[in-house]
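Beneath this line is the structure, given in structure tokens, with notes to follow.
The values are calculated or read from the model by the stated rules, or taken from the named source; none is laboratory data. Bear in mind that the values here come from a model prediction, so they are computed numbers and not experimental data. Note: ideal-geometry Cβ built from the backbone for every residue, glycine included; neighbour counts use all protein chains shown. Note: areas computed on protein heavy atoms with side chains; ligands, DNA, RNA excluded. Shrake-Rupley method; radii C 1.70, N 1.55, O 1.52, S 1.80 Å.
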Amino acid sequence: MSASLITRRALATVVASVAVVGAAALPAAAASGGHDRGHSTGKHSTVMIGKVQYDSPGRDDRSNRSLNGEWVEVKNTGKKSVNLRGYTLADRQGNTYRFHNLTLAGHSSVKVHTGKGKNTAHDVYQNRTDYVWDKRDAATLRNDHKRILDSQSWGKKGR
């Protein structure tokens, strides 16, 4: 065998080894964090905004049923429970809902409704008499230290 052929085979073996090691490390890196959705402490937050039902379906007659037809879901995607005491959810106009002593279990969610109702582990109510979430709006979720954990907007601004 020539020295050139031996060198090429050795180089190919090294390249293949590096590729295998890199491929094995890739899933570990992907599982370790991803992006952290605006959380400014450098730690990954598992609490975020889920689905949003803005502009209550049906007639906007300001009935409690209609008001509760609009809501924002707050999700805990982690395994551990999180106490949401002091967390806030606000719209673009500054309407703010402050969570009280609500513990959100791991892999669960709570809907924050606009109108009145009895708070449960899966539904809480802002007790408002006017709509909050417009066709063009944003929801911002902050933790008890006022750090933004997540923000979601919809519709076109300024129209």
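Using the beta-carbon distance between Q93 and K116 and R0 = 22 Å, what value does 1/(1 + (r/R0)^6) give for FRET efficiency, to the nearest 0.05?
Step by step, r from the Cβ atoms, then E = 0.65.
Can you put S151, S63, S56 in order of accessible area, largest first, using a 1.4 Å probe? List each step's numbers first, then the result.
On the way: S151 70, S63 45, S56 5 Å².
Largest accessible area first, the list is S151, S63, S56.
So if we plug the beta-carbon distance of R147 and N127 into 1/(1 + (r/R0)^6) with R0 = 30 Å, what FRET efficiency do we get, rounded to 0.05?
0.70
Lys and Arg at +1, Asp and Glu at -1: add these up for the other residues within a Cβ distance under 10 Å of L67 and post the number.
Values: positive: R62, R65, K116, R128; negative: D60, D61, E70, D130.
Here the charged neighbours net out to 0.
Roughly how many whole Å is it from the C-alpha centroid of segment 41-77 to that of segment 82-159?
If you average the Cα positions of each part, the centres end up 7 Å apart.
Cβ under 12 Å from V82's Cβ, V82 left aside: what net charge do those residues give with Lys, Arg +1 and Asp, Glu -1?
Once all neighbours under 12 Å are counted, the net charge is +3.
Averaging sequence separations of C-alpha pairs under 8 Å and six or more residues apart, then dividing by the length of segment 96-159, give the relative contact order as a whole percent.
Relative contact order of segment 96-159: 20 percent.
List the pairs from K80/K135; K75/K118; K75/K156; K111/K135; K118/K156 whose alpha-carbon separation is above 29 Å, in the order I gave them.
On the way: K80/K135 34 Å; K75/K118 20 Å; K75/K156 25 Å; K111/K135 18 Å; K118/K156 34 Å.
Distance filter (> 29 Å) returns K80/K135; K118/K156.
Could you report the accessible area of Y54 in Å², rounded to 10, computed with a 1.4 Å probe on the protein chains as they sit in the structure?
Probe radius 1.4 Å; accessible area of Y54 about 80 Å².
Using 0.36 nm times the number of residues separating T103 and T77, minus their current alpha carbon distance, what extension gain do you get?
Taking T103 through T77 to full extension adds about 8.0 nm, to one decimal.
Let's see if you can work this out: charge +1 on each Lys and Arg Cβ, -1 on each Asp and Glu Cβ, no other charges. What is the dipole magnitude of segment 67-118 about its Cα centre, in debye to the nearest 20? It would help to have the intermediate numbers written out before the result.
Details: 9 positive and 3 negative charges, 44 e Å.
About 200 debye.
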